[in-house]
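Just so it is clear, none of the values below were taken in a lab; they were calculated from the coordinates. Just so you know, these numbers come straight off a predicted model, no measurement behind them. Cβ placement follows ideal geometry from the backbone for every residue including glycine, while neighbour counts extend to all protein chains displayed.
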Amino acid sequence: MSRWNELTQKAEGRGRKLLRRLRKLWTPTRGQRTAFNLLLVVLGAVWVWGVYAYPLTPEQTFRRLERQNFLEPSQIICHQKRDLGWSEEARLTRSIYVGLGEDWAVTAYVDGRGSYTYWKQISDNSYSMVNLPDSWLNAWALPPGPALIPVGFPVRGWNKDSGMGWGLAAVRLPEEAETGELTLIREEERWSAPGEKLDNGAMYFWCQDPGIGPRGYGSSKNLPGRPYWPDGLGIEWAKGLSYELALWDKNGGALPTLTGQVLEG
Amino acid sequence: MEQNQNPIAQWLDTATAGIRFQPDRKAVKEELAAHLEDKTADFQRIFPDMTREEAEERALGEMGDAGEIGRELAHIHKPWLGYLWTASRVLVLLMAVSLMGLLGVRNNYFDFLGSHDRDYYWNSWYAGVQDHEWSPPPAQEVGIYRLEVTRAARWEEQALHGGEKEQVWSSAAMTLRVTAPWPWERVPEENPGLEEHMTAADSTGKRYSFQPGPLADIFDDRPIQSGDSGLCWRNYELYIENISPEAEWVRLEYDFGGQSFSFRVDIPERCTYFRNMEYQTQWEVMS
């Protein structure tokens, strides 16, 4: 082998070694590549979570709503979950919470399927398109003593055959109250509803809305999915109405009937 | 089972048998084969009379016992890192497919990053307010959120009736920025907590509410509207109608649900935004 060839081979050998060393230096290790891949996956997952408005469990969503509305955590006294098997029309009835704080109460619905546009009834013949977030919370300042809070979202009745209506929660009732019957009064009209006992001296009432009917949350044939109740009571119907609340203890003994007005906000 | 008769291949199989992660086994085998090839070439170069078979046999002899090397390699090899790497690649692939699928069904792909769609509009409320005219009150922590009033302006407003100036009054506007510690805690566009329970009072004692009127949705005229937002923050644009003309500051107050805050916001002396309202037109819309 000539000297020239020997030197050339040596140089090539050194070049190959240098290239191999550089390749090793610039090629990420398997651990680094794994970490990078996992980082990509986490970022992608957070991205998808964000696109769907960061859904959590219903209770966590309710707690997040409280934080977002600058409220301390309340004591949950009512949680209704009624999946009706309908798609769009029933979405407002998904998960409803009533929470009780020291001198406030909260009512909330939690959906978890992203925001939703609907036509809100402003007056008799006037509607406005509203972009409804997938979760919503109302906070009520409680006066001293018993109070009746409108839940404010259309709620399905107790069984599958009952129609849609409106929930009301009575709080701070006498401890011995076991059952109750609520009567709402609007001039000559009367609505009555039996009560369901909840924790912490609370009761839940449900009044069917005749305008919504047994088929559920009304939607016009011409405008599918548009919640529209030509003869319905409407979301605001119960606010400020007078009520009479008859209560009984566990032996069936009548307790003093409570009267007042449904909270307005 | 077919036996591999090639001694080098047999040696390589035995030496790498303990490596459980298949891609690693293949790579180590290739590396050892290259090393054997180098050694064989060296022997042939040093001893030109040596045949290839002899050189290979000698090279194999110098490599040592395949079983022992195999045990050593199996001991130092960590298969879980290989499995984890493979799993991470599968996850990346699945994530890429999911994201592509998501593109087809959602149209709000970037909304959660924030919105600056109406920047020009909100900024116009405060255009012309000079730094020396206004300084922000200190930020406050409320629950997990950081609240700060980042800008304020005094407006002049006119009600027109049939083009005739009917009434002139002053209003105030300010931006309340709420910053969350995490993106998923960002406050929503509408905040009933603030709308219902935050109040304001100006330096003359006049009090104001932020509760929307019954027609607020029709005229897009809620006293608290969602302004720009980012990944973790949102601006609420507050509008206080008909403040006392001599008011020097407005105090925002919130005390509800176990939380409270208070901001004293100076209102610039100069009116920097002008708006007129055609009540006649609005009434026609309503009726």
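Would you please classify the overall shape of chain B from the alpha carbon gyration tensor, given that a ≥ b ≥ c denote the square roots of the eigenvalues, rounded means a/c under 1.5, and beyond that prolate means a/b larger than b/c while oblate covers the rest?
prolate
Around A:R172, what is the net charge, scoring Lys/Arg as +1 and Asp/Glu as -1 over all other residues with Cβ under 15 Å from its Cβ?
Taking every Cβ under 15 Å from that of A:R172, the sum is -4.
Considering only B:H77, B:L94, B:A59, whose Cα is most displaced toward the positive end of the charge dipole of segment B:51-99, charges sitting on Cβ of Lys, Arg (+1) and Asp, Glu (-1)?
Final value for the positive-end residue is B:L94.
For peptide B:9-19, what's the mean number of Cβ atoms from other chains within 10 Å of each residue's Cβ?
0
Read phi for every residue in segment B:146-151 and hand back ³J(HN,Hα) as whole Hz from Karplus 6.51 cos²θ - 1.76 cosθ + 1.60, θ = phi - 60°, with x for Gly and Pro.
Per-residue couplings from phi come out as 10, 10, 8, 9, 9, 6 Hz.
Could you work out how far the C-alpha centroid of segment B:78-118 sits from that of segment B:12-46, in angstrom?
Going from one Cα centre to the other spans 39 Å.
Mind giving me the nanometre distance, one decimal, between the label points for A:I185 and B:V142, set 7 Å out from Cα along Cα→Cβ?
Computed distance between label sites A:I185 and B:V142 equals 3.9 nm.
So if we plug the beta-carbon distance of B:R45 and B:W182 into 1/(1 + (r/R0)^6) with R0 = 45 Å, what FRET efficiency do we get, rounded to 0.05?
Efficiency for this residue pair is about 0.10.
Around B:E248, which amide H atoms from residues at least 5 apart in sequence, or from another chain, sit under 5 Å from its own amide H, with H modelled in the peptide plane?
B:S203, B:T204
With θ taken as phi - 60° and the coefficients 6.51, -1.76 and 1.60, list the Karplus ³J(HN,Hα) couplings across segment A:62-73 in order, rounded to whole Hz; mark glycine and proline as x.
Those phi angles translate into 4, 5, 5, 4, 4, 4, 5, 9, 6, 10, 6, x Hz.
Need the full-extension length gain, B:F274 to B:H75, defined as separation in residues times 0.36 nm minus the C-alpha distance. One decimal, nm.
Separation in residues times 0.36 nm, less the Cα-Cα distance, equals 63.7 nm.
Rounded to the nearest 0.05, what FRET efficiency is calculated for B:E31 and A:L43 with R0 set to 22 Å and r the Cβ-Cβ distance?
Calculated transfer efficiency: 0.05.
Apply the Karplus curve 6.51 cos²θ - 1.76 cosθ + 1.60, θ = phi - 60°, to the phi angles in segment B:250-258 and return the couplings in whole Hz, x for Gly and Pro.
Values, residue by residue: 10, 9, 8, 10, 9, 8, 7, x, x Hz.
Could you work out the mean count of beta carbons from other protein chains within 10 Å of each residue's beta carbon in B:142-152?
1
Sorting check: for A:198-205, B:45-52, B:71-78, which peptide has the highest mean count of neighbouring beta carbons within 10 Å, and how do the rest follow?
Ranking the peptides A:198-205, B:45-52, B:71-78 by packing returns A:198-205, B:71-78, B:45-52.
Taking H placed 1.01 Å from N in the peptide plane, check which residues at least 5 places from B:N276 or on another chain put their amide H under 5 Å from its amide H.
Amide H neighbours of B:N276: B:Q158.
Under 5 Å between amide H atoms, partner at least 5 residues away or on a different chain: which partners does B:H161 have, H built in plane at 1.01 Å?
B:E166
Of A:L18, A:A45, A:G31, which is farthest along the charge dipole of segment A:3-50 in the positive direction, counting Lys and Arg as +1 and Asp and Glu as -1 at C-beta?
Toward the positive end, the furthest listed residue is A:L18.
Is any helix in chain B, taking whole DSSP H runs, at least 20 angstrom long along its axis by alpha carbon and on average at least 0.0 on the Kyte-Doolittle scale, and which ones?
Helices meeting the criterion: B:79-105.
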